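Please treat every number below as a calculation from the coordinates, not as lab data. This structure is a prediction, so every number in the text was calculated from the model and none was measured. Using ideal geometry, Cβ is built from the backbone for each residue, glycine included, and neighbour counts are taken over all protein chains shown.
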């Protein structure tokens, strides 16, 4: 800690006078850091060693009470230099202080090592790493291939030996590999569109068209062909690619450059393209090897171990086959089926368990669970608490039952099909009820899939129930009952206040230590106080400074000290000493911690009342937190702009500032570089990218015109007289690729190459887009013109061209996209017949005004079977919701006469409407309801054909009414039913919501008495037309004290605002006071 301070302090202050009068060495002559080792005289080292020895032998020589760090030298060791003090007598306080010292010391050990490291490498503990010239990486930072955005990149450390020769050899190898990869990539792409005519080998009768593309070609190329390939490569390697000392420069200047900078630029571009090509060719090899084609469908990868299971039970949308842990990576079908069987069993158990949690909340078996032990079913609590009530014989029965089912019923799969044990539907045959089960394999698979999906949900649900039950005491328990939470210890502590409440994202308080919490809260209060003073210290000097001298002896006035960070250079050493002494005095003698954070016994502006004190300290904490954020922002802005209120335009060191006046920086975006490509501030790279953008924009503008123009006009005559192809025969858009002959492509490539190499080859005055070819590049085709000579006008034109080019790049991509999907750049999207959504646009339920609507993409796979199943489910839900909605409305006007249950003496008129009815319907009534629904679902609602919602039961499903025979009329009625059912689903949810909160589906919201907002509806300020209005939810905690405090603040703000408003208006109308405002 002393060493760290010794590094920092001399940056700002040194002792005056001589370190050694004898050797004429002043303190100011000794450099800071490791360099000081060469300046301290021998006697100085003797003094240092002697001092350390005296401290170690005479002072730090014996621990008191065998307590590390306690040498009986008093507070800060002051007794060792004759200043008597008793030290820290309280053992707990002493331990706390020593722990703090240990923590700070550990940080300081890290800090001093970092300072030594940086000082040793850069020459200063605060030195710029750019001064670390001895880094082996520095030898290559300007070499070929070191370019944005990665810069110099060598994760494996090949260049750590610093050998330039080895570096250049590797760079040369990389260029060669990149060139081969670029040719190989082209060699994969070109044969898809063009192959040479004639024979590859006349002697073998092998045509070029006989050679397949990609890896398959290896089996077709004859031996002599391989010899030619090897000889050609060897010739180039041995005789053409003669290394000249510059990687990639073999003396051929036609498409490179004689200019060293130009050559480096082109080779850098080639390296970047080569790197991409090496990645691309590996990907092509990989896809080709697995699918049989570089562009092959992955569905052809039939050897994938995952393919064995893609049609198995449980593989269903939206996840498909999902195995993140790779349990089925071996491809073993037996293991897969075993795991699927286990999943089905776990799902079944979880579904029963979930029902077992829910059902006892509403109904229990009557009578005894154990007559012998006098335990009734009603005595057994719900959830995990039941473990303590079930007798031992009960557990034996449960285990025995599960064992019988596992061993005798779930003992053998039928046809090796997971989940099918030949026990019939719902396993009824295992209890003697004979049924044939589901005989259709597809239907059985569909049912098992549904069971798997429900079982997966149930497994998630039961774990959540266990978790909530274990923590709160009930599966539906209030989390407020989770009293063991370590966070609960602090929820009433100082600083826990709206809107955040108790907030500890880093988990500092997870150990639940109240002592540690209070210490951190005390530290936060102190930091907040310092930050509030510092914030004020930034603001006040902008408007007022003390008159007179800050230091008369130095002739330094308060007005001479600048505001903000710049003041650090003006405050004299004695001033810093006063600041440190003042802060130290307060910390050591005034801020004496008494167990309550922030309470140091000074009551004039706090309070003697504990509640008042807590309220004031909470307000101080909130303000201090804002101040800590504010002061950091001020430091940041001040450090970058030179003022806490400084204009960001003064931040001249920003690498982005280098480009703010360049071509292409224009409203409304200005300079825009979201990927940070220009963060290095390299002007050359910026201009190169701008040049590329201009070229791309020019090509895109021509391409866009090339899409539009042929719709209205084409050249007359022949495109190729030799091949008898007229311009009129070439379709517009992407389809033209199939019509342009090979020589046409050669002409296109040749033309582009000539423009790139001979015309767009050198910028004039290093200005992107200016190649000295005159207006529209006309001089390149022999039409002489001077071009745009005025630099400002030229920049304006280039900016316009850039803007148009950017739009054109967007436009051409959109045209390609629409053309590829619809067959035309202007094509109707209805021609996009491959869309999976098109399969359903004529289906039931697709109707105006929404049309086909599937925001979650449930039908994205295009599976018509799954779509129809979901539509059928929607129809059923809609029918139930319509009945439920009617069931809410009708009892308000009519009820059945007589008794619902004569045995229980329960009349229909005794049943309340809505959710309250759940408490009145007897157990047998629920049994009838469930049985009625089950009968309909299993035996009556049997689909007719493949039409959702049609069960052959006639109009309204009544059976005795005639069915709707006309398919069109039936579809129309089902569509109307769907629309009404959708409205009913929304309606019943609203009714349930309103009923649950107010006690009635039609209830007055005024009956929602549990609302925390109701506490304030009669308070001051709640008045028409808004009534009580709190959109941000400040009052959701229901605290009347907080509400009144905020209302008082609002009144004060309103009074100030009214006076301020009058202060604006009155001088305009009534004039101003006469006389002098201030003398």
**Asked** When only C-alpha pairs under 8 Å and at least 6 residues apart count, what is the relative contact order of the stretch 151-300, in percent?
**Response** 29
**Message:** So for the stretch 606-646, considering every pair of alpha-carbon atoms, how many percent are separated by more than 12 Å?
**Reply:** 64
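For the residues 9, 452, 734, what sequence is obtained by ranking on other C-beta atoms within 10 Å, fewest first?
Neighbour counts put them in this order, fewest first: 9, 734, 452.
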**Prompt:** If we count other beta carbons within 10 Å of each Cβ, what is the order of 628, 109, fewest first?
**Reply:** 109, 628
**Asked** How much FRET efficiency would the formula 1/(1 + (r/R0)^6) give for residue 1018 and residue 799, where r is the Cβ-Cβ distance and R0 is 56 Å, rounded to 0.05?
**Response** 0.30
**Message:** Please rank 193, 372, fewest neighbouring Cβ atoms within 10 Å first, as an exposure proxy.
**Reply:** 372, 193
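How much FRET efficiency would the formula 1/(1 + (r/R0)^6) give for residue 696 and residue 258, where r is the Cβ-Cβ distance and R0 is 22 Å, rounded to 0.05?
0.20
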**Request:** Grab the DSSP H runs of the chain that are 4 residues or longer, score each as -39,500 (n - 2.57), total them, divide by all residues and round the 222 nm result to the nearest 500 deg cm²/dmol.
**Result:** -14000 deg cm²/dmol
**Request:** Write down, largest first, the equivalent ellipsoid semi-axes of the chain in whole Å, where each equals the square root of 5 times an eigenvalue of the alpha-carbon gyration tensor.
**Result:** 64, 60, 37
**Complete:** So, relative contact order of the chain in percent, Cα under 8 Å, 6 or more apart, is 5
**Prompt:** For the stretch 563-579 and the stretch 152-182, what is the separation of their C-alpha centers, rounded to whole Å?
**Reply:** 52
